Amino acid sequence: VEEAHAETHDSKEVEEAHAEHLEGEGGMLFQIDVAVALMLLGGVVFNMSLFYLVTHPDDDIRLHSWQVISRTMCIFTAVLLYRAFDGLVEAAATYLIEPSFGPMPRLLLLIEYIGVFLLYGALSWTILFLTRQCSAIANMADKLEEKERKVRGEDLKHRMTTWSSLMSDMTAFGWIDAGVSLRNMMGQESVWASFATVGITIGFLAASFEVAARVRGKPKEDQTVETIVTEVWSEEAEECENEIAGTAISLLLTQAVIACVVSPEKVEHRRLNEAAHHHHQHSLDLHHGAHALATEGNVIAMVLVALVFAVMTVASVFAINMAHPPSGHAGDHDHEGRRLSPRRTITKAILSSRWAHVFQHMAAMSFAWSLQYAGRWQIARILKQIGLPFTEHSTAEQVIVALTLMLVSFAFIFVLDYFEDLDATGEVADRCIRSISTALGILIGFSWEHSFESGVTVLSTELKVLASSNPATMRMVLSVAVSSVVIPAWRKHIVGKVHKLELEHYERNGMELTSQLAWLLESSHGKQQPGRHGTKVVRRMQAAVSPGHGPNDAPGGAQGSRAESRMFSREYTRLHP
């Protein structure tokens with residue numbers, strides 16, 4: 001009995017010593033265990049949820065699911081590569097410039113803008129290079145078998161989508177970083193500086209787009225392949241520019257709204273206290289201290305802001321549709337052929353411009369950003385209330401946020417898809433629904449991007465031995481290693497699936513989108529070009545067209561503005577498949 005009592009006493013001492021050891025570690029082991037458990041459970045739930053979604057019987061749900069996966073991979077890879085190169089530039093400036101000349105924020109800001117323009121130039125050159133490869137296939141059409149030409153054409157379409165999307169996002173993040181630096185130089189977190197930065201960024205974007213358009217030049221009126229190459233280059237570049245502008249302006253505008261919702265002084269005080277631990281701030285998470293200070297009223301305010309942006313998205317879709325009536329009347333006439341008044345002519349010209357589409361994309365993206373910030377704030381408050389030991393920068397918390405927002409967003413997508421399938425909703429209402437669904441998909445993509453980005457940041461910062469005490473070097477190594485695996489798989493297996501599902505979606509709805517890129521891939525040099533003035537390149541779905549059935553075969557299809565002819569092309573092919 002005494003021996004058993006002694007063994008029990010020794011066992012209790014061992015347990016108490018083990019508990020003291022855990023407490024002595026500052027609870028670090030407990031936090032690691034919880035983080036690993038969440039990653040395991042979250043990974044299983046995420047993967048199994050994807051299986052349900054990508055095999056769902058509803059065609060639209062499958063399309064949305066694959067689009068979300070593709071968008072997530074694009075955002076993650078773009079941020080990963082951009083952060084790696086930006087970190088090296090910042091490290092070089094820190095070691096080369098500051099020791100000799102001291103801090104030079106204006107010079108660093110100039111370097112950031114130079115980097116943005118270099119990225120934009122690389123994007124334009126990439127699109128031109130891939131377009132000329134399409135032209136080469138067209139010139140060799142007589143020498144290639146049909147199967148080989150089709151395989152090469154599909155591969156080029158996938159490459160065009162992959163690299164244009166990837167570099168567009170990198171360029172957008174560059175504009176965001178430059179805008180953040182400009183705002184901090186103007187007035188840190190002041191409201192006036194936040195909104196002034198939005199206006200200055202819009203001016204820079206408009207000027208750069210105009211210069212780029214002049215460099216590309218206007219396509220000639222002849223029917224040569226070189227002319228089509230120029231037009232494809234212009235249309236692809238303009239679509240990328242619209243996405244760049246919408247993404248950059250939306251985040252800067254949302255952060256300006258946050259400066260009004262959350263006290264700027266509190267956020268700045270929090271940022272200064274944490275500057276020693278987070279030297280390079282993530283521009284996509286500028287107000288990282290805000291969600292620890294946000295109250296329930298702040299969360300409600302951001303939800304209301306998101307609803308306002310949703311209304312703006314729907315209103316912009318309706319307005320653009322009014323400027324492009326399905327009957328195809330162009331110029332200064334309405335859908336009944338009557339001449340418009342000067343005021344309505346000006347309004348129609350504004351709605352027909354590319355900046356109307358930029359505004360629509362900006363409103364949809366702002367809706368997604370606002371919901372993301374509101375969701376992160378509320379989840380952080382809940383985690384703090386239940387006592388989970390996560391800091392606001394922990395990867396585990398980012399995973400919880402991403403899982404929660406993904407489940408909630410897909411629930412809304414299911415509801416929106418139900419209304420889209422109803423016969424009572426018209427084409428315009430369906431476009432509004434698809435725009436909101438796309439914004440929710442982007443919300444999911446950026447939520448998971450934060451989780452992946454947090455993981456890379458932790459590894460590159462903590463593994464200092466492998467990085468020779470330089471996190472920027474380790475980050476570059478990790479980024480290149482991960483991207484070399486992700487990009488080929490994304491291009492070969494995900495982008496191609498999205499192309500196929502989008503093509504099936506348009507065919508089910510009796511629509512066909514004509515494309516100059518498809519003409520280059522499907523036709524040999526010298527064949528008649530179908531409807532050059534009524535085409536629009538759609539990066540994620542290039543449907544082949546037959547000569548003689550383009551939109552210019554109908555009266556009025558080539559007389560209007562470029563945007564009007566694009567809209568008429570879609571409507572004509574829908575009514576005359």
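Evaluate the Kirkwood expression for the hydrodynamic radius of the range 37-98, namely the inverse of the mean inverse distance over all pairs of different C-alpha atoms, and round to one decimal in Å.
Averaging 1/r across every pair of different Cα atoms and inverting gives 14.5 Å.
Taking other Cβ within 10 Å of each residue's Cβ, how do TYR418, TYR506, TYR82 sort, fewest first?
Ordered by Cβ neighbours within 10 Å, fewest first: TYR418, TYR506, TYR82.
Which ordering of PHE209, PHE446 is given by a fewest-first count of other beta-carbon atoms within 10 Å? Please list the in-between numbers first.
Working: PHE209 20, PHE446 24.
Least crowded to most crowded, the residues run PHE209, PHE446.
For the pair SER49/ALA411, report the inter-label distance in nm, with labels modelled 7 Å from Cα in the Cβ direction.
Once both label points are built, they end up 1.1 nm from each other.
Would you mind getting me the FRET efficiency between LEU40 and ILE386? Use the beta-carbon distance for r and R0 = 22 Å, nearest 0.05.
That pair, LEU40 with ILE386, gives E of 0.65.
Over 27 Å between Cα atoms, which of LYS147/LYS497; LYS218/LYS492; LYS150/LYS497; LYS157/LYS218 qualify?
Cα-Cα > 27 Å for LYS218/LYS492; rest within.
By per-residue mean of other Cβ atoms within 10 Å, what is the highest-first order of 353-362, 72-81, 295-304?
Ranked from most to least packed, the peptides come out as 72-81, 353-362, 295-304.
Residue separation times 0.36 nm, minus the C-alpha to C-alpha distance between GLU507 and ILE200: what's the value? Walk me through the intermediate numbers first.
On the way: separation 307, 0.36 × 307 = 110.52 nm, distance 4.24 nm.
Once the chain is fully extended between GLU507 and ILE200, it gains 106.3 nm.
For the ranges 162-173, 51-62, 191-202, 447-458, what's the packing order if you count other beta-carbon atoms within 10 Å of each residue, average per peptide, and put the highest first?
The most tightly packed comes first, giving 162-173, 447-458, 191-202, 51-62.
Which order do peptides 473-481, 426-434 fall in by mean Cβ count within 10 Å, highest first?
Those peptides, ordered most packed to least, come out 473-481, 426-434.
Roughly how many nanometres apart are two label points built 7 Å out from the Cα toward the Cβ at ALA207 and VAL311?
Reported label-point gap for ALA207 and VAL311 is 3.5 nm.
What FRET efficiency comes out for the pair ILE114/ASP423, r = Cβ-Cβ distance, R0 = 45 Å, nearest 0.05? Walk me through the intermediate numbers first.
Working: r = 54 Å, r/R0 = 1.20.
So, using R0 = 45 Å, E works out to roughly 0.25.
Just so you know, all these numbers are worked out from the coordinates, no wet-lab data involved. Since this is a predicted model, take the numbers as computed values, not measurements. FYI the Cβ positions are ideal-geometry reconstructions off the backbone, even for glycines, and counts take in every protein chain you see.
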